[in-house]
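Everything on this sheet refers to the single structure shown next.
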Amino acid sequence: MLEKYLGTVTRWIETRLQGGRGADGESGQRKPQSPAKQRRLQVHHDTLTGLPRAELMEDRLDLAIALAARSSCKVAVMSLTLDDFAGIAESRGSHAADRLLQGVAHALESCLRNGDSIGCRDLGQGWFMVLLPALPRSDDAAVVAEKLRRGLESPVVVDGDETHVRCSIGIGVYPTDGADAEAVIAAADAAMGQARRNGGNAYKFMTVPDTGAAYFRWPTGWAAQ
């Protein structure tokens with residue numbers, strides 16, 4: 001029920017940002033969007049990938065935290081960056097980098113559950129943000145993180161060529177790592193930076209669920225910090 005309600009309110013946020021009336025019983029009967037509304041929509045979504053920009057993702061996170069505070073659920077934020085993106089962009093050019101980002105965005109979206117969101121942080125650096133609302137347990141985020149990591153093991157086809165990419169994922173959890181969106185995002189960013197500095201192609205919680213110790217997940221197993 002919570003995920004269904006969250007999805008309804010998320011759609012209301014997006015409609016509000018478009019200048020609409022929200023999910024109030026008429027959400028299924030949307031009128032054709034005017035050029036002005038389409039421009040407002042573009043402000044909140046990346047034109048290359050169609051993913052929500054940071055502002056919209058932060059709105060969703062604020063909402064997810066408010067709901068989690070009432071229901072004793074957890075909320076996880078993932079800071080995900082492509083380990084090899086800078087080198088690919090430099091060697092193959094901006095057009096190939098753009099096609100790669102589109103392919104990666106599609107691959108990552110296909111790994112998410114209903115109610116989850118993926119958006120942009122800084123696509124020029126190959127940097128994404130993932131929001132997992134309404135988690136019964138913090139370590140449920142590990143299942144999704146591993147699915148995202150494995151989802152990029154298959155090569156992305158860019159202009160007919162197979163391109164292999166890896167990712168580093170940092171995970172911040174409400175309320176363990178912070179009481180508001182800013183703190184949880186900062187925790188996810190810090191964990192991502194540590195995962196990347198330790199070789200990448202891994203995900204890392206800022207704090208291990210139930211133990212209070214930081215850890216990494218490598219393809220070969222767990223490594224305590």
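Values quoted throughout were computed directly from the atomic coordinates according to the rules given, and no laboratory measurement underlies them. In this text the structure is predicted, and so the values were computed from the model without any measurement. All Cβ positions, glycine included, derive from the backbone under ideal geometry; neighbour counts span all protein chains shown.
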query: What ³J(HN,Hα) values, in whole Hz, does the Karplus curve 6.51 cos²θ - 1.76 cosθ + 1.60 give for the range 46-61 when θ = phi - 60°, with x put for Gly and Pro?
result: 5, 6, 6, 9, x, 6, x, 7, 4, 4, 5, 4, 5, 4, 5, 5
- prompt: What list of ³J(HN,Hα) values in whole Hz, one per residue of the range 150-163 in order, does the Karplus curve 6.51 cos²θ - 1.76 cosθ + 1.60 (θ = phi - 60°) give from phi, with Gly and Pro shown as x?
  reply: 5, x, 9, 6, 6, x, 8, 7, 10, 6, x, 9, 7, 10
- request: Starting at the first residue of the range 131-137, write each ³J(HN,Hα) from the Karplus equation 6.51 cos²θ - 1.76 cosθ + 1.60 with θ = phi - 60°, in whole Hz, x for Gly and Pro.
  value: 10, 10, x, 6, 8, x, 9
- prompt: Size of the range 50-116 along its principal axes in angstrom, Cα-based, largest extent first?
  reply: 49, 21, 21
- line: Sorted by chain and number, the residues with a modelled amide H under 5 Å from that of ARG121, at a separation of 5 or more or across chains, are TRP127, PHE128, MET129
field: Other-chain or far-sequence residues with amide H under 5 Å of CYS167's (modelled H)
entry: ASP83, ASN201, ALA202
- prompt: Rounded to a whole number, what is D in µm²/s for the range 101-207 from Stokes-Einstein with the Kirkwood radius over alpha-carbon pairs (20 °C, 1.002 mPa s)?
  reply: 150
message: Charges at C-beta only: +1 for Lys and Arg, -1 for Asp and Glu. How large is the resulting dipole of the range 46-224 about its Cα centre, in Debye rounded to 20?
response: 460
task: DSSP loop (so not H, G, I, E, B), at most 11 other Cβ within 10 Å: list which trypsin sites (Lys or Arg not before Pro) in the range 106-152 pass both filters.
output: none
field: Order of ARG196, ARG60, ARG92, ARG70 - criterion: other Cβ atoms within 10 Å of each residue's Cβ, fewest first
entry: ARG70, ARG92, ARG196, ARG60
- request: Give me Rg over Rh for the range 46-224, both radii from the alpha carbons and Rh done the Kirkwood way, two decimal places.
  value: 0.96
